[in-house]
Amino acid sequence: MQADLKRRNQILGCILGGALGDAWGGPWEGKLGRVTFQIPSRSSVSDDTQLTLATCESIIETGGIYAEHLASCLAAWFATGRVTGIGASTLKAMRDLVAGVHWAVAGSQGEFSAGNGAAMRVARLAFLLNPATQGIRVLNRGKVYP
């Protein structure tokens, strides 16, 4: 039971730490040169945190990582206005998903189309993967990553 509480706290810390970093670091995003950090008097989370929460919602609902379900959660959050401030690549992907484009081909293509939103969400997935397994990624509860 203690191990479950520790794991829960680690996951919660990962999510909250990411959200706080997103909210507090937002005003300095894209700034060049040296900055003096201070907690902003007003802060808000960006699409990185919003899509992280959509990712967590999918994991909670399915008990694992299922690309089709994850894509439907991301599309639902976008379609209901719960995702704001997205870049061109994410906007294209969200519009494609809402229009019914398969998740594997949704979004922009080409050398300059890559956004970094997936990198912002991937840390949470590490709690589900079993690092001791060689080769194929296997979820801790025996479900295989599609």
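The values are calculated or read from the model by the stated rules, or taken from the named source; none is laboratory data. Predicted model, so just to flag it, every value in this text is computed and none were measured. Heads up, the Cβs are rebuilt from the backbone with ideal geometry, glycines too, and the neighbour counts pull from every protein chain shown. All accessible areas refer to the heavy atoms of the entire protein, side chains included, with ligands and DNA or RNA removed. Shrake-Rupley method; radii C 1.70, N 1.55, O 1.52, S 1.80 Å.
Between Leu51, Gly17, Met94, the Cα set farthest toward the positive side of the dipole of the range 1-99 (charges on each charged residue's Cβ, about the Cα centre) is that of Gly17. Counting other Cβ atoms within 10 Å, which GluC sites (Glu not before Pro) in the range 45-124 have at most 13 and lie in a DSSP loop? Counting only loop positions with at most 13 other Cβ atoms within 10 Å, the GluC sites (Glu not before Pro) in the range 45-124 are Glu111.
Each residue was assigned an accessible area with a 1.4 Å probe, and for Ser46 the value is about 30 Å². Couplings for the range 93-110, taken from phi via the Karplus curve 6.51 cos²θ - 1.76 cosθ + 1.60 with θ = phi - 60°, read 5, 5, 4, 4, 4, 4, 7, x, 5, 4, 4, 6, 10, 5, x, 6, 10, x Hz in order; Gly and Pro are left as x.
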